[in-house]
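Visitor: A single structure is presented below for examination.
Derivation of every value follows stated rules applied to the coordinates shown; laboratory data play no part. None of these values were measured; they are calculated from a predicted model. Neighbour counts run over all protein chains shown; Cβ positions are idealised from the backbone, glycine included.
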Amino acid sequence: MIINNHRLHIEVHGFEAAPAVVLLHHGLGSTRAWRAQVPAFVEAGYRVLVYDRWGYGQSESRPHLDVPGFETDLADLYTLLGTLNIQRSALIGHSDGGTLAIYFAEKYPDMVTCLVTVAAHIYLEPKMEPGILGIKGAFEHDERFRRGMQRAHGSKFESVFWNWFDGWHKPEALDWDMRPLLAEISCPTMVIQGEEDEHATPQHAIDIAKGIPGAELWLEPGAAHMLPQEMPAIFNQKVIDFLRVRDHVTRDV
């Protein structure tokens, strides 16, 4: 589908009349990252939209990312929902996808029924620098990591990585801080993070939950950054339970 003059790979699963859930992948991810979630959410009674953001997966290549502001990604999501006639949806975002979801919920409150963030970032903390450099080392030297990137992104896997690394490693990102806008988010929110996340301390998730009025906080002991992939059964059930209270969906997983 052509969205804002570039091609995006989009998948829609479930019944059209069901409550909509949008899954937003992490900074090096694609639709493949949600393969343990899509069938569970469809079975639970949701219409699930999952897509490769511009520059990722099967979507069109991209010269650079607009991080940390995600301006182009925000415009893409807004246009995509309008094109699919999805007036309101739940947003579930992992890492960069979680940050994008926070921005969207603040900017378009009438379009978001509820918000789930997983290992999202709202500022840069000291722990993130060695984490970013560690991923760079893995990309340059770990063949298994490189094969995984190639499976997710095909021939453009190298540009995907360097767009992400260059975007987050630039000096101006050090002054970025989303905390002032969190109080403007009015939808029900669940904030999720693994206590052993290698890219952020638990305080990061605590700060997000404190900043969003009424937000629920789930810190999972022993889990790292990739919690939806590490613990899919626990993740799916907890998030579905959170959504059901608000959407009155009663089908069993």
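Visitor: Sort GLU220, GLU125, GLU172 so the one with the fewest other Cβ atoms within 10 Å of its own Cβ comes first.
Guide: Least crowded to most crowded, the residues run GLU172, GLU125, GLU220.
Visitor: Counting only helical runs of four or more DSSP H residues, what would the 222 nm mean residue ellipticity of the chain come to if each run contributes -39,500 (n - 2.57) and the total is spread over all its residues? Can you show the working numbers first?
Guide: Numbers: 9 runs with 98 residues, N = 253.
For the chain, the value works out to -11500 deg cm²/dmol.
Visitor: Most fluctuating residue of GLU106, GLU198, GLU11 in a GNM of the chain with Cα springs under 10 Å: which is it?
Guide: In this elastic network of the chain, the residue with the biggest mean-square fluctuation among GLU106, GLU198, GLU11 is GLU11.
Visitor: Sticking with this one: Ignoring trypsin sites (Lys or Arg not before Pro) that are buried or in helix or strand per DSSP, and keeping those with at most 16 other beta carbon atoms within 10 Å, what is the longest stretch of the chain between them?
Guide: 128-250
Visitor: Which order do SER59, SER186 fall in if you start with the one that has the fewest other Cβ atoms within 10 Å? Before the final figure, lay out the partial values.
Guide: Working: SER59 23, SER186 15.
By the 10 Å Cβ count, ascending, the order reads SER186, SER59.
Visitor: Name the residues whose placed amide hydrogens come within less than 5 Å of the amide hydrogen of LEU24, ignoring near sequence neighbours (fewer than 5 apart) on the same chain.
Guide: ILE92, GLY93, HIS94
Visitor: For LYS107, give me every one of the lysines with a C-alpha distance below 26 angstrom, ignoring sequence neighbours fewer than eight places off in its own chain.
Guide: Cross-link targets: LYS170, LYS210.
Visitor: Moving to a separate point now. Based on other C-beta atoms within 10 Å, arrange THR201, THR189 from fewest to most. Working shown, then result.
Guide: Values: THR201 15, THR189 26.
Ascending Cβ contact count within 10 Å gives the list THR201, THR189.
Visitor: Where nothing but the Cβ of Lys and Arg (+1) and of Asp and Glu (-1) is charged, how large is the charge dipole of the chain around its Cα centre, in debye to the nearest 20?
Guide: 660
Visitor: Also, I was wondering about something else. Give a residue-ordered list of calculated ³J(HN,Hα) values for segment 174-181 (Karplus: 6.51 cos²θ - 1.76 cosθ + 1.60, θ = phi - 60°; whole Hz; x for Gly, Pro).
Guide: So the J values, rounded to whole Hz, are 5, 8, 6, 7, 8, 3, x, 8.
Visitor: For the chain, what does the convex hull of the Cα positions come to per residue, in cubic angstrom? Don't skip to the end; give the middle numbers.
Guide: Details: hull volume 29.1 nm³, N = 253.
Per-residue hull volume (Cα only) is 115 Å³.
Visitor: From the residues PHE15, LEU65, PHE157, which one has its Cα farthest along the dipole of the chain in the positive direction, the dipole being from +1 and -1 charges on Cβ of Lys/Arg and Asp/Glu about the Cα centre?
Guide: After comparing all options, I get PHE15.
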